[in-house]
Amino acid sequence: MKTYHIKTYGCQMNYSDSERMETYLQALGLSPCKDYKTADLIIFNTCSIRQKAEDRVFSEIYKVEQLKKKKKDLLVVVTGCMIRKSSSRYSTERDALFPRMAALDIALRIDELPSLASLMREIQPALDIEAIEEESLEDYFQINASHSSHEAKTQAFVAISNGCDKFCTYCIVPYSRGREKSRKMEDIIAECEKLVEIGVKEITLIGQTVNSYGLGKADEESGKFANLKEKEPFVALLEKLDLLHEKGLERVRFTSPHPQDMSDQLIEAMAVLKTQMPYLHLPVQSGDNRTLKRMNRTYTIEQYREIIKKLRAKIPDISISTDIIVGFCGETDEEFEKTLKFYEEMAFEHAYIAQYSQRRGTTADRFMKDDIPQKVKKQRWHKLNFLLVKMAERGYKRFLNKTVNVLVENQNGKTCMGRSEHFKAVQFNSGRKLLGQIVPVKITRAREILLEGELV
Ligand code: 5AD
Ligand code: SF4
């Protein structure tokens, strides 16, 4: 039997796509292989959000080149966000990739996954794989994720939409993943029901702008959600999932929402639904209005502040984290200082801080100057990171001597690891087998990025 090995880079969406790929490859009769060196097919599911991410892929592919010299019939596929423009299989984008990737056989946009089998056969006509009906798969979202990466089957990621219509000027996603398209609500619910049946207690819904589910231009044109007149599709979805609480679903999280679509309806749903957790990751990107405008982030800091105020009014102890880019085109010292101030004011408990990385083809690349020196970007990153650590510590310390509910995701001997409702990593000891259970833990120590405690 032929074997495959998938190397995944980047965000949860890519990991979810890799699980979809697994289902597809197994239907072709291929089996997984842990060591890429012995696999017959190696797939790189790539990320291009920043230059560093792409560089990492290039260096890994280089290793495979050496391998391919010895193993002539090894097939190498590159997919994910480094492959753009779906117009033709041999578009100029792709041609540009081939010279830099001598080992590459197939460059495939992720939504073209259903055609992978025929592409493989084209290259190796003698390849022994099962027949699969390409036409029966209208879009790649219809291929179910294998959910194999969480052995404990306590927690799972479920993609609800793909692509983005927002076009932030720095971001490659609308070009790499295309326009926003939502999955049918019935398909999502059916997948979640199956997960709950096998014991999954926590589901994280994922999408580039997850809370605009059903509101994208393509969804509007298709009239897919026309029956939901009063209710936003995302809120309707959260309510439907909440009904699975009776069957054992305890927690529903979602990432990443966009501030523009953080409606009152959604805030209310977060406050009242049993499966909603007191945690939100809400990317702000900058604490300065002029920078937000250059980034085409469709809100002001005043509007963002208002959302946080409403959230805290309804869910008083909610933990909030964010994404911030430092050193974006034209960011002055004063603008950056405003971000620092805003970070403190919002009392963010965690953040992913990125130094701006110019991406080819984006609006910022075409019309703005990447004029902040590397050294300054780095300094700003360290300054903000220093504040992040200080604020994060505060966020952890507030749980000292409190009892939190922990979903045990990992148990190694006596050591149990899991997350609290506020999405804090918690570690404690127990002689009992607790994997997959939600247990109360009294917090005795708050470390830099970890809470320690004792089973109550
Ligand atoms: N440079 C730096 N960071 C970026 N992000 C997206 N595009 C870029 C870029 N060109 C960050 C944003 C986003 C997160 C997923 O990655 O903060 O929220
Ligand atoms: Fe990129 Fe902006 Fe879309 Fe997020 S909302 S994926 S940052 S374009």
Task: Arg359 vs. criteria touching an Asp or Glu at 6+ places or on another chain (Cβ under 8 Å), at pLDDT below 95 and either of a type outside the set (Phe, Trp, Tyr) or open to solvent by 80 Å² or more (accessible area, probe 1.4 Å) (or both) - done: yes
Open item on the list: Conditions first: (1) within 22 Å of the chain's Cα centre (by Cα); (2) within 14 Å of ligand 2 (Cβ to nearest atom). His350 passes all but one, so which condition is the exception?
Closed with: (2)
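Take the residues in segment 172-196 that are in contact (Cβ under 8 Å) with a residue 12 or more places away in the chain and of a type in the set (Lys, Arg); name whichever of them is nearest to ligand 1 (Cβ to nearest atom).
Going through segment 172-196, the residues in contact (Cβ under 8 Å) with a residue 12 or more places away in the chain turn out to be 172-173, 175-185, 187-189, 191-193, 195-196.
The next check asks that each one be of a type in the set (Lys, Arg); those that pass are 177, 179, 181, 183-184.
Working: Arg177: 12, Arg179: 18, Lys181: 19, Arg183: 21, Lys184: 26 Å.
Only one residue fits best here, namely Arg177.
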- [ ] Exactly one condition in (1) under 25 Å from the mean Cα position of the chain (by Cα); (2) surrounded by 15 or more Cβ atoms within 10 Å (Cβ to Cβ) is not met by Leu450; state its number.
- [x] (2)
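Conditions tested, residue by residue: (1) open to solvent by 20 Å² or more (accessible area, probe 1.4 Å); (2) among the charged types (D, E, K, R).
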position	(1), (2)
Leu28	no, no
Cys33	yes, no
Ile43	no, no
Ile49	yes, no
Asp55	yes, yes
Tyr62	yes, no
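Among the listed residues Val284, Val252, Val272, identify the single one that is under 23 Å from the mean Cα position of the chain (by Cα) and either away from ligand 2 (no atom under 16 Å from the Cβ) or open to solvent by 20 Å² or more (accessible area, probe 1.4 Å) (or both).
On the way: Val284 fails: either away from ligand 2 (no atom under 16 Å from the Cβ) or open to solvent by 20 Å² or more (accessible area, probe 1.4 Å) (or both); Val272 fails: under 23 Å from the mean Cα position of the chain (by Cα).
So the residue among Val284, Val252, Val272 that is under 23 Å from the mean Cα position of the chain (by Cα) and either away from ligand 2 (no atom under 16 Å from the Cβ) or open to solvent by 20 Å² or more (accessible area, probe 1.4 Å) (or both) is Val252.
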- [ ] Quickly run through segment 342-378 and pick out the residues that are assigned to a helix (DSSP H, G or I) and either of a type in the set (Gly, Ala, Ser) or more than 16 Å from ligand 1 (Cβ to nearest atom) (or both).
- [x] Glu344, Glu345, Ala364, Lys375
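For the structure I just gave you, tell me whether Gln303 is outside any loop (DSSP other than H, G, I, E, B), surrounded by fewer than 19 Cβ atoms within 10 Å (Cβ to Cβ) and polar (S, T, N, Q).
Working: outside any loop (DSSP other than H, G, I, E, B): yes; surrounded by fewer than 19 Cβ atoms within 10 Å (Cβ to Cβ): yes; polar (S, T, N, Q): yes.
When the stated conditions are applied, Gln303 passes them.
If you take the residues of segment 173-203 that are among the aliphatic types (A, V, I, L, M) and part of a helix (DSSP H, G or I), which of them is farthest from ligand 2 (Cβ to nearest atom)?
The initial filter retains those residues of segment 173-203 that are among the aliphatic types (A, V, I, L, M), namely 173, 185, 188-190, 195-196, 198, 200, 203.
When the remaining residues are screened for being part of a helix (DSSP H, G or I), the result is 173, 185, 188-190, 195-196.
Working: Val173: 4, Met185: 22, Ile188: 20, Ile189: 25, Ala190: 26, Leu195: 25, Val196: 29 Å.
Only one residue tops the list, namely Val196.
The rows are residues; the columns are (1) more than 27 Å from Ile110 (Cα to Cα); (2) buried (at least 21 other Cβ atoms within 10 Å of the Cβ); (3) assigned by TED's automatic domain parsing to the domain that holds Lys309.
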| residue | (1), (2), (3) |
| --- | --- |
| Ser176 | no, yes, yes |
| Ile188 | no, yes, yes |
| Lys194 | no, no, yes |
| Glu230 | yes, no, yes |
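Determine whether segment 252-260 contains at least one residue that is assigned to a loop (DSSP other than H, G, I, E, B), in contact (Cβ under 8 Å) with a residue 60 or more places away in the chain and under 30 Å from Gly418 (Cβ atoms).
Pass one, segment 252-260, residues assigned to a loop (DSSP other than H, G, I, E, B): 256-258.
Subsequent filtering for residues that are in contact (Cβ under 8 Å) with a residue 60 or more places away in the chain retains 256, 258.
When the remaining residues are screened for being under 30 Å from Gly418 (Cβ atoms), the result is 256, 258.
Within segment 252-260, one or more residues are assigned to a loop (DSSP other than H, G, I, E, B), in contact (Cβ under 8 Å) with a residue 60 or more places away in the chain and under 30 Å from Gly418 (Cβ atoms).
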TODO: Search segment 17-46 for residues that are in a strand (DSSP E or B) and pair each with any residue that is of a type in the set (S, T, N, Q) when their beta-carbon atoms are under 6 Å apart and the residues are at least 6 apart or on different chains.
DONE: Ser31/Thr3; Asn45/Thr8; Asn45/Asn14; Asn45/Ser18; Asn45/Thr79
- [ ] Specify which of the listed residues (Gly395, Gly418) is in contact (Cβ under 8 Å) with a residue 40 or more places away in the chain, small (Gly, Ala, Ser) and open to solvent by less than 90 Å² (accessible area, probe 1.4 Å).
- [x] Gly395
- [ ] All but one of (1) at pLDDT 95 or above; (2) surrounded by 20 or more Cβ atoms within 10 Å (Cβ to Cβ) hold for Ile172, so report the exception by its number.
- [x] (1)
Open item on the list: Condition first: surrounded by fewer than 20 Cβ atoms within 10 Å (Cβ to Cβ), at pLDDT 95 or above, outside any helix (DSSP H, G or I) and in contact with a Phe, Trp or Tyr (Cβ under 9 Å, 6 or more places away or on another chain). Can you find one or more residues in segment 205-217 that meet it?
Closed with: no
Task: Residue among Thr169, Thr204 that alone is closer than 30 Å to Ile438 by Cα, within 16 Å of ligand 1 (Cβ to nearest atom) and not assigned by TED's automatic domain parsing to the domain that holds Val408 - done: Thr204
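I'd like the full set of residues that are more than 16 Å from ligand 2 (Cβ to nearest atom) and either assigned to a loop (DSSP other than H, G, I, E, B) or small (Gly, Ala, Ser) (or both), limited to segment 288-299.
Taking segment 288-299 and keeping what is more than 16 Å from ligand 2 (Cβ to nearest atom), we get 288-290.
The answer is Asp288, and nothing else.
Given the condition without any contact (Cβ under 8 Å) to a residue 40 or more places away in the chain and in a loop (DSSP other than H, G, I, E, B), answer yes or no: does some residue in segment 379-389 qualify? Break it down stepwise before answering.
Residues of segment 379-389 that are without any contact (Cβ under 8 Å) to a residue 40 or more places away in the chain, as a first pass: 379, 382, 385-386.
Checking the rest, the ones that are also in a loop (DSSP other than H, G, I, E, B) come to none.
Within segment 379-389 (the criterion being without any contact (Cβ under 8 Å) to a residue 40 or more places away in the chain and in a loop (DSSP other than H, G, I, E, B)), the answer is no, since none of the residues qualifies.
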Task: Restricting segment 218-228 to residues that are part of a helix (DSSP H, G or I) and touching a residue at least 12 places away in the same chain (Cβ under 8 Å), the residue that is surrounded by the most Cβ atoms within 10 Å (Cβ to Cβ) - done: Asp219
TODO: Would you point out the residue of segment 306-341, among those that are within 15 Å of ligand 1 (Cβ to nearest atom) and part of a helix (DSSP H, G or I), that is nearest to the chain's Cα centre (by Cα)?
DONE: Thr339
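Could you list, in sequence order, the residues of segment 287-300 that are within 21 Å of Gly207 (Cα to Cα), open to solvent by 10 Å² or more (accessible area, probe 1.4 Å) and touching a Ser or Thr at 6+ places or on another chain (Cβ under 9 Å)? Give the derivation first.
As a first pass, look at segment 287-300 and keep what is within 21 Å of Gly207 (Cα to Cα): 295-299.
Then keep just the ones that are open to solvent by 10 Å² or more (accessible area, probe 1.4 Å); that gives 296-299.
If the condition is that a residue be within 21 Å of Gly207 (Cα to Cα), open to solvent by 10 Å² or more (accessible area, probe 1.4 Å) and touching a Ser or Thr at 6+ places or on another chain (Cβ under 9 Å), then Asn296, Arg297 are the ones that fit.
The values are calculated or read from the model by the stated rules, or taken from the named source; none is laboratory data. Remember, predicted model here, so these are calculated numbers, not experimental data. Backbone-built Cβ (ideal geometry, glycine too); neighbour counts: all protein chains shown. Please note that ligands, DNA and RNA were not included when accessible areas were found on the heavy atoms of the full protein model with its side chains. Shrake-Rupley method; radii C 1.70, N 1.55, O 1.52, S 1.80 Å.
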